[in-house]
Structure formats: C-alpha cells, structure tokens
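To start, the structure under review is shown below, and the notes come after it.
Throughout, read-outs are computed from the coordinates displayed, never taken from laboratory work. The model shown is predicted, which means the values in this text are computed figures rather than measured ones. Backbone-built Cβ (ideal geometry, glycine too); neighbour counts: all protein chains shown.
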Amino acid sequence: MEKKGKYGRLLTNTALFTAGKFISKLLVFFMMRLYTSCLTPDQYSTADLVVDMANLLIPLACLGISEGIFRNAAAREGNKEDFLNAGLWVLGVGSAGFLLLSPLLTLIPLFRTTAWLIVLYVLMSNLHAVVSQYLCAIGKTGLFAAQGIVNTALTVLLNILFLPILNLGVTGYVLSVVLADGLTTAFLVVCTRLWRSIRPLRRQERRPLVRSMLAFCLPLIPATLCWWVTGVSDRYMVAAMYSHAENGLYAAAYKIPTLLTYAVGIFDSAWRLSVAAEADNREACAAFYTRVWRWYTTLSFVGGAVLILGSRLFAGMLFADAYQSAWMYVPVLTVATVFMGLDTFLGSVYFACRKTTGSMITALCGAGLNLLLNWLLIPTWGAMGASVATLVSYGAVYVLRLITVRRLIPFRVEAVRGTANVLLILTLCVAVTLTGGAGHILSPTAWWLVAGGLGLVLLGINGKALYEMGVCAVRAVLRKSRKREQTADPSAPEKGDTTGS
C-alpha cells in the first residue's frame, strides 16, 4: 500500500506541476517568435546575457537559502514556520550584502547601463523562490502549480506591452520577468495570508536553524555556479571570441532543448518532495529510485530523439527568418540537455542524503572541462564548438555521478540499456546534423532515412518501459477514482489494498 502511495503521490505531484509549470513554460516557449521578431540577434544576445548574469548572482545573493527551506520544510520533522522565518532572515542579510556590492556590476562594460535590471531581477527572483518553495514544501502543491500559470500569464502580457507596443527592447524583455515575479509573490502572500506565519526568532532559536540550513545549502552554491559555467559561460565566450550575432543564434537555438529543461524542472520539483520524505529508509529508497530511474531515462532519451528529429521544423515555427540557421546547433544542444537532465536526477541523491558536497565536486569537474573545451573549440567552430563543449561536459558529469551516487543509494541503473540509449542518441544527433549538407558520404535525404531508422530503434529499446509507465499511470488514476467514489459514498465497501494511494 505504501509502495503504491509513493508512486501515486509522485504521479499526482508531477501532474499538478505539469499543469502549472510546463503548460506555462510552453506558452513562453512559443513567444520566441515575438522575441526574434522584436529583437535583433545582437539585442537578443544582450538580453540573454543580462538574464544569465542575474541567474549567476541569484544563489549568491540569497546564499541558496530557498533550497534549505524546501529541504527542511518538506521533511517530516521540525516546525516548518521556523524554517521559513530563519530563511527569510538569511535572505534579508544576503540581499543587503548584494545591494552594497551591486555597483561593481557597472565596472563591466556590457552591464554598465543594465546593472539596475540585474539587481531587480535577482531580488525579485529570490523572494519569489523562497515563498513558492516554502508553500510547495508544506503541501500546497495545487497553489504552487497555479502560481506558475499566473506568473507566465503576467510575463506574456508584459512582454506584449513592453516589446511590440512600447518598443522597450532589452529593458522590456527583462522587466517583464521582474514585474511578473513581484506580482506573483504578492499573489501567493495574499492567498495564503503568509504574514501570519512570519515572526522574528530569538537569536538562540534562529542560530541552530540557520546553521543547519546553511550547512545543507552552501555547498549547493558552488554547484549552481558550476552549472552556470557549464550551461551559460559559453554564450559569453561566443560573444567575446566570435561575435554577438553568432551568440544571438546560439541563444535562440538553446530555447528548443529548453522544452526538456522545463520537463526536468517540473519532475525534479515533484521528485524532491517524494525523496525528502523517503530518504531515511535506504532500502525502500533504492527500490523507489530503481523504478523511477528506468522511467525517467526512457522519457529523457525518447523526448530528446523527438526534439532532434524535429529540430528543423521547430526552428521554422519559432524563429524569424534571420535566425533560421540556428537549427544546426539544436541536435547537439538537445543531447547535452538530455545529459543535464540525467545529471539533475542523479543529483537528487545528494539532496536526499544531505551530501551536497558530492554535487559540488562533480559539477566543478564539469565546469572546468567546459571552460577548457570552449577555449579550444570556439575560435574555430564558433557556436558549434560551444555546443560540443557543453555536451561533453554534461556527459562527463553524468558518468561521475553514476559512479558515485550509488554508494549512497544502491539503485539499479540497467547499464546495457543505458549505454545503448546513449550511443543511439549520439548517432542520431550526428545523422540529423549532417542532413544540413555537412556530410559528403550520403545525401541529405539518405541522412534523414538513417536518422528515422535510428529513432525507431531507440523507441523499440524503450518500448517496454513506456508500456509499464502507461499501465502504472492508468492504475493510479483508477485508484484515485475509486477513492473519490468511496469518499462520496461512505457506505461503499472497502476495496482493501487495491485502493491504496
């Protein structure tokens, strides 16, 4: 019964977060046509670099405390409101320090006129993260999902106002996110009357809570910075070592694989809720990981194959004419994103076991390798060199984490199927890229036939797991339905273990 309950909760939370976040992110994804129509490649490059710099500073300004609040409030022990109040104190101290140091941003030529946008972005994003993560951790997953829709609707409306109507360019692009975060945070506070939970803690109460949360989340800061280096630094290097126009194409191409990134983020939110509650039982947690890892890898590789095969089509739908050549980078970046998603799942082992130093070390290795490969490849290959560097770096972290995390939770990884998936998606990536005319052995049409065949083989390898997922999902829905019927009719007979969810 407990086993079914774990999978039922995971499925329910994933469905809620999908409704609240993925649909919302999908809407923003389709706003790419607006962005590439209203912003030149140079402007889009600048806007993207401003947002990326803000994302680098976000964990530094709040000391990563939103993760500490989530992990502790999601656990079964402790006063959840105390963790919120201690976390808000850390957020206040960190934000004050960030404001004092923020004038240093104006020393960087690229951010001389946009530093104020970065500051607003960081402050609003951190406040939104703390409030939303706390509410999610205490079980208000429905509201957490709803606020994602609210946030996206506000972002889209503000984008339409600031870009084509007011023609605010880079400023409008960034301000739409800042204002959406601020208004969404206000919405959450009002809906939950969160001020009732906020109270000042005495120093002797606050100190042990702050110390325990920082011990957990501080190692995540360098890990987050390393992920930033791996996933974002290449854009700065392409702009500096090649051109802003090339970087604008590269940044646009990266938006197509972000569909997988959104899916990973949604599942990760639901998954962390589950593993935070189950981590104390090592044997049960290993069985839980084994099954979910099988499903997760299946969806990752199949989803990646779909994006690779459709890369040219998606580019035609989403990008203005000046950005069409960006499709060539999509297959490589998609494989990189698949590895990033696998890295994220494996990183949840460190999160569940409170061994976040392992997350930091493996991410540091990936970041170092990424910088080296960027330096070697970008001068010759431009954005394609950056794409390859990103793929290799995420792949290296995948191997390192696969080796190390199983010492903490010994789950089964199905090495043969996993290796076959990796080889197939890498070959598929090469085949689709060569359809652009870069290959001289076969014609573009022949390369498309090869790519289609590889996609079918990959689907066949993962077919059994897809079937198992479908059966489990249907059973979970049926159990939920029977449970609702019994709740509506208390006189109905119990169904025993078959109704457990």
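Structural remarks
- Stretching A286 away from T113 to a fully extended chain increases their span by 57.2 nm, per 0.36 nm per residue minus the current alpha-carbon distance.
- Centre separation in Å (Cα based) which lies between the stretch 29-61 and the stretch 238-257: 11
- J(HN,Hα) series, the stretch 155-163, from Karplus relation 6.51 cos²θ - 1.76 cosθ + 1.60, nearest Hz, glycine and proline x: 4, 5, 4, 5, 4, 5, 5, 7, 8
- In terms of the mean number of neighbouring beta-carbon atoms within 10 Å, the peptides 162-173, 130-141, 289-300 order highest first as 130-141, 289-300, 162-173.
- The stretch 113-220: relative contact order as a whole-number percent, Cα under 8 Å and 6+ apart: 31
- Order of C472, C62, C285 under a 10 Å beta carbon neighbour criterion, fewest first: C472, C285, C62
- Working ranking of peptides 177-184, 84-91 by packing, defined as the average number of other Cβ atoms within 10 Å per residue, highest first, is 84-91, 177-184.
- Distance from the alpha carbon centroid of the stretch 359-415 to that of the stretch 86-153 works out to 28 angstrom.
- Potential extension, T427-D42 segment - 0.36 nm per residue separation minus Cα distance: 135.3 nm
- Couplings 3J(HN,Hα) of the stretch 242-250, computed from phi: 10, 5, 5, 5, 4, 5, x, 5, 5 Hz, in residue order, whole Hz [Karplus 6.51 cos²θ - 1.76 cosθ + 1.60, θ = phi - 60°; x for Gly and Pro].
- The stretch 31-218: relative contact order as a whole-number percent, Cα under 8 Å and 6+ apart: 32
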